[in-house]
Amino acid sequence: MIEVPEPADPRLNDFRDLTTADRRPDRPGGRGLVIAEGVVVVRRLLASRYPLRAVLGVPRRIEELAGDLAGHSAPVYATSAEAMSTVVGFHLNRGVLAVADRPTAWTAADVVARARRVLVLEGVGDHENLGSLFRNAAALGIDGVLLGPGCADPLYRRSVRVSMGHVLAVPFAQLPDWPADLTWLRDSGFRVLAMTPAEHARPVSDFAGEPKVAVLLGSEGPGLTPEAIAGSDAAVRIPMAGGVDSLNVATAGAVAFYALGSFG
């Protein structure tokens, strides 16, 4: 550990003023750094393909990560909780942060090459929903995530935190040609299933035996566009009790993944 008692120390600039929108390093258009918060998420970053730049924390939290930090050459800065709050711009009760660079992005072809189950998203612009979807995808056997138009950045700090760091392990890529890329997925052997609460849709469990499935989910409220649904093989739904018309998008994704037998 390198003791850094002064918040103004320039070695801590990667961690500085995270709540200031125009200076926050994880904002799109900013420096593009990946930020992990808390022991659990930092541990997952250290085990990922993301190149570590530095770690900042209180000594007790850094000591918890000693085994995980072995073999990493990036600097590890220790400071007080008060100094850390001054640097990042808010009280961080998790006590440790790590920053990493973004590696070379996957392509959609990379993601689907060995996948059996993929999640395809359209218009999911809420960072917390996106993080929750990645966490559920990791838990329930989804092999990769493909991002259509209107989706938020999965490596935004809030998404990384809500995903509990699983966004750093689940491969993801942008779909550049929407909705034509749905045809490409179908040509690649995937059954594309568009999630909708519409009554005419088939239960998602009807497709549990499919060898390769792409689950298509839209944003909260509007859901999928008509073009996305038209580009799918089938519209599917989650049967629900009367009086309930929909679920949170991350919850709906988890139920669908489970129904399709994606895990295990």
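The values are calculated or read from the model by the stated rules, or taken from the named source; none is laboratory data. As the structure is a prediction and not an experimental result, all values here were calculated from the model. Using ideal geometry, Cβ is built from the backbone for each residue, glycine included, and neighbour counts are taken over all protein chains shown. To get the accessible areas, we keep the full protein, side chains included, count just its heavy atoms, and leave off ligands, DNA and RNA. Shrake-Rupley method; radii C 1.70, N 1.55, O 1.52, S 1.80 Å.
When the scattering of the chain is computed by the Debye formula from its Cα atoms alone, each counted once and equally, what is log10 I(q)/I(0) at q = 0.10, 0.16 Å⁻¹?
So the normalised log intensities work out to -0.54, -1.09.
Note the full-extension length gain between ASP177 and ASP17 as 0.36 nm times their separation in residues minus their Cα-Cα distance, in nm to one decimal. Show your work: numbers first, answer last.
Details: separation 160, 0.36 × 160 = 57.60 nm, distance 3.62 nm.
Result: 54.0 nm gained on full extension.
Report the residues of region 117-154 in range of a label on ASP245: point 7 Å along Cα→C-beta, backbone N strictly under 12 Å from it.
From region 117-154, the list is empty.
How do 34-44, 63-73, 172-182 rank on mean C-beta neighbours within 10 Å, highest first? Could the numbers behind the result be given before it?
Working: 34-44: 22.0, 63-73: 12.8, 172-182: 17.7.
Highest-to-lowest ranking by the protection proxy: 34-44, 172-182, 63-73.
Let a ≥ b ≥ c be the square roots of the eigenvalues of the Cα gyration tensor of region 71-131; is it rounded (a/c under 1.5), or, if not, prolate (a/b larger than b/c) or oblate? Could you put the intermediate results ahead of the total?
On the way: a/c = 3.66, a/b = 1.85, b/c = 1.98.
Taking the square roots of the gyration eigenvalues as a ≥ b ≥ c, region 71-131 is oblate.
How would you rank 200-211, 98-109, highest first, on the average number of other Cβ atoms within 10 Å across their residues?
98-109, 200-211
Can you list the residues, at least 5 places off or on another chain, whose amide H is less than 5 Å from the amide H of TYR77, using H built in the peptide plane?
HN-HN under 5 Å from TYR77: ILE2, VAL55, LEU56, GLY57.
For GLU128 paired with ARG49, estimate the spin-label separation in nm (one decimal), with each label point 7 Å from Cα along the Cα-to-Cβ line.
Inter-label distance under the simple model: 3.1 nm.
Would you mind telling me the share, in percent, of accessible area of the chain contributed by carbon and sulfur at probe 1.4 angstrom? Could the numbers behind the result be given before it?
Values: 5910 of 11760 Å².
Of all accessible area on the chain, carbon and sulfur atoms account for 50 percent.
Could you order ARG61, ARG114 by accessible surface area, starting with the largest, using a probe radius of 1.4 Å?
ARG114, ARG61
Assuming a ≥ b ≥ c are the square roots of the Cα gyration tensor eigenvalues, decide whether region 173-240 counts as rounded (a/c under 1.5), prolate (otherwise, with a/b larger than b/c) or oblate.
The shape class here is oblate.
Using the alpha-carbon atoms, what tilt in degrees (0 to 90, nearest 10) does helix 127-139 show relative to the longest principal axis of the chain?
80 degrees
What spacing in nm lies between the two simple spin-label points modelled at ARG94 and SER80, each 7 Å away from Cα in the Cβ direction?
Between ARG94 and SER80, the simple spin-label model gives 2.4 nm.
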